[in-house]
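The values are calculated or read from the model by the stated rules, or taken from the named source; none is laboratory data. No experiment lies behind these values; they were computed from the predicted model shown. No Cβ is skipped: glycine too gets one built from the backbone with ideal geometry, and neighbour counts run over all protein chains shown. Only protein heavy atoms, including side chains, enter the accessible area calculation; ligands, DNA and RNA are left aside. Shrake-Rupley method; radii C 1.70, N 1.55, O 1.52, S 1.80 Å.
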Amino acid sequence: MGLPVKLSVLIPCYNEVTTIQEIVRRVCAVDLRVRVLDGKFGLPVLPDGSVEVVLDREVIIVDDGSVDGTRDLLPALAQLSGVYVYYHERNMGKGAAVRTAIEKATGDIMIVQDADLEYDPRDYPALVQPILEGRSQVVYGSRFLGGPRKAMFFSHMLGNKLLTLFTNILFDSILSDMETCYKVFTREIAQQLRLRSHGWGFDPEITAKILKRGYRIYEVPISYTGREYTEGKKISWRDGLTVMWTLLKYRFIE
Ligand SMILES: Nc1nc2c(ncn2[C@@H]2O[C@H](COP(=O)(O)OP(=O)(O)OP(=O)(O)O)[C@@H](O)[C@H]2O)c(=O)[nH]1
Ligand SMILES: [Mg+2]
């Protein structure tokens, strides 16, 4: 990967009228200077042996058929430099929105960013560092590796741990957070995987395909501030069944 390196931030967005402006502000504001221990960029070497790579950024918002007023806010966001907005005519699910974003993205590295405020874009430099250092092509930000977090529902933690355990058993891995939103991957990986899921199958499908192809996933601790149901939290246990089925399908059938 040579300079300049561009990061594409992929934002699937469905009925996020209260948070879409703020998440885009945070994504655009984040400092994308990354300290990299690798001389191949030809940049001046700092006293600690690292170089400082400054990433270019583009923000790809895909509105997934919102009906809560989100769409009225998007034209103004599309005016911002480096921010591009695409629309699904009807609601198709997170997976479909991320896939559209991948198709439109032009970056060397891509990161999925939910449009609520549960994840913190200030974690980006740590998340892309293993890719820039050539240690991995895929990085997941884990909510279970000791990073700061809002302590929330036991049932959700259990659900997350069970789905991650299921993944680890099926694909002989030791992930700590398969369902994390912060999945970072190179353009090459994105093009190889040919993702097909529309809804909540996205996370298990991408994880299964990456592991089945023999890539290792690098994990980095991230912070997490889960939203409350009163703030729009939508996930339910039924979504867990879709996830398990998707993992089984890509492990044994496809
Ligand atoms: N729920 C939902 N989210 C979608 C859909 N399409 C795109 N998204 C976006 O996908 C991202 C993840 O959705 P969330 O509802 O936050 O999923 P989650 O974080 O697992 O669950 P909660 O925050 O608990 O609702 C958000 O940015 C949504 O706006 C959809 O059809 N349904
Ligand atoms: Mg969320």
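Tabulated results
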| quantity | calculated |
| --- | --- |
| Value at 222 nm in deg cm²/dmol, rounded to 500, when DSSP H runs of n ≥ 4 in the chain each add -39,500 (n - 2.57) | -10500 deg cm²/dmol |
| Sites matching GluC sites (Glu not before Pro) across the range 52-89 that sit in DSSP coil, with at most 16 neighbouring C-beta atoms within 10 Å | GLU89 |
| Descending principal axes extents, the range 22-122, alpha-carbon based, whole Å | 53, 25, 24 |
| Within the range 104-127, backbone nitrogen closer than 17 Å to the virtual label 7 Å beyond the Cα of GLN192 toward Cβ | 108-111 |
| Stretchable slack from THR230 to VAL67, in nm (0.36 nm times residue separation minus alpha-carbon distance) | 56.9 nm |
| Count of Lys pairs (Cα-Cα under 22 Å; at least 8 positions apart or interchain) in the chain | 29 |
| Accessible surface of the chain [probe 1.4 Å, protein heavy atoms]: carbon and sulfur percent | 55 |
| Accessible solvent surface per residue of the range 6-253, calculated while the other protein chains remain in place, 1.4 angstrom probe, Å² | 47 |
| Calculated over the chain: convex hull of Cα atoms, volume per residue (Å³) | 126 |
| Nearest-20 debye value, the range 5-70 charge dipole, Cβ charges on Lys, Arg, Asp, Glu | 300 |
| Peptide ranges 194-200, 107-113, 122-128 listed from the most packed, as the mean C-beta count within 10 angstrom indicates | 107-113, 122-128, 194-200 |
